[in-house]
Structure formats: C-alpha cells, structure tokens
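Some notes on the structure that comes next.
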Amino acid sequence: MRKRIFSGIQPSGKLHIGNYLGAIKNWIGLQDEYDCVWGIVDYHSMTIPYDPEGMEERVIDCAATYLAAGLDPKKCVLMIQSKVKEHTELTWILNTVTPVSWLERVPTFKDKSKRFKNNINMGLMDYPALMAADIILYKAHAVPVG
C-alpha cells in the first residue's frame, strides 16, 4: 500500500511562480510515488481579511492552475476544502478537545494577531484545528509544505 500525502494552497489570490516552485512542482513528481490529495484550502484563506466576492473565481483559477501545471486527476485527488463537509465536522470535534490556551500559543496566531489587530476572528485562532482535521481526514502520512 502506498503512503498518502496531503497538502493544499489557499486561494487568496492568483497563484504565482512561488506557489509553483515551492509546492506544485514537487507535487507533480510525488503523484507518481504516493497516493496524493491536493487541496484548494479555501476555508484556511478565510482566517484573515479576504474578499468573499472573488472567492469562487479564485478557487476556479487555482484548480485550473493545478491542472495546467501537470497535476493529473487520474493520479491524484484534487479537492476543494469547502465542498467536503467532513473538514468542518472533524474540526468541530477537535475543537471540543483542544484547550484554547494551546491555540493561543501558536506562533502564527500571535504574529497575525499583531498584524490584524482590528480584525482577529476565531478562524485565525482555530487554524491549527482545521489543519489537523485536513491531515487526519485523509489519513496522511506526510504533509509537504512549500
């Protein structure tokens, strides 16, 4: 049985050369060796100020870029996080057992809380629980980051 890998990119804007070199290029090679799940993690992009009007277009652009770059749906799973209800269901379950004090200590939360002082939402604090749900849901053995 091949090991499973999960990773994703937030559709917070147009994908760029950094996304390609830092993640997608590596994913293309991995899809031949592993069972891969590549996500468009749109819920993650909602944790800081964003434009809800353009979200659908950004998701479609991200999917088109994945395909154009060489991710092959015959070799891997491409998913949109918000279309898989189990992401939020598992996040909720994780929320019931995760102490708030743990989430308050996450360096990313501390950093972004300073940067977005007037617009901190629960999603930002809960980001690690959603990320854990993403990984657990697909039973990933590894999570490449770019």
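Just so you know, all these numbers are worked out from the coordinates, no wet-lab data involved. Note that the coordinates shown come from a computational prediction; the quantities given were computed from them, not determined experimentally. When we count neighbours, we look across all protein chains shown, and the Cβ atoms used for this are built from the backbone with ideal geometry, even at glycine.
Key figures for this structure:
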read-out	value
Anisotropy class of the range 1-72 from Cα gyration tensor, a/c 1.5 cut	prolate
Given 25/114; 3/25; 75/110; 14/75; 75/112, the pairs whose alpha carbons are separated by over 28 Å	25/114; 75/110; 75/112
For residue 36, residues with placed amide H under 5 Å, excluding near neighbours	5, 77
Listed residues 55, 5, 68: farthest to the positive end of the dipole of the chain (Cβ charges)	5
Computed FRET value (nearest 0.05) for residue 4 with residue 102, which takes r as the C-beta separation and R₀ as 35 Å	0.85
Among 79, 40, 142 the positive-end extreme of the charge dipole of the range 19-146 (Cβ point charges)	142
Sequence-distant aspartates and glutamates (8 or more away, or on other chains) whose Cα lies within less than 20 Å of residue 85	42, 56, 126, 134
Helical segments meeting 15 Å axial Cα length and Kyte-Doolittle 1.0 threshold in the chain (DSSP H)	122-137
Sequence-separation-based contact order of the chain, relative, with Cα cut under 8 Å and 6+ spacing, percent	38
Surrounding net charge for residue 87, when Lys and Arg each add one and Asp and Glu each subtract one, Cβ distance under 11 Å	-2
Charged-residue dipole, Cβ positions (Lys, Arg, Asp, Glu), the range 4-137 about Cα centre, Debye nearest 20	420
Potential extension, residue 136-residue 117 segment - 0.36 nm per residue separation minus Cα distance	3.7 nm
Helix-derived mean residue ellipticity, 222 nm - over the chain, DSSP H n ≥ 4, -39500 (n - 2.57), to 500	-12500 deg cm²/dmol
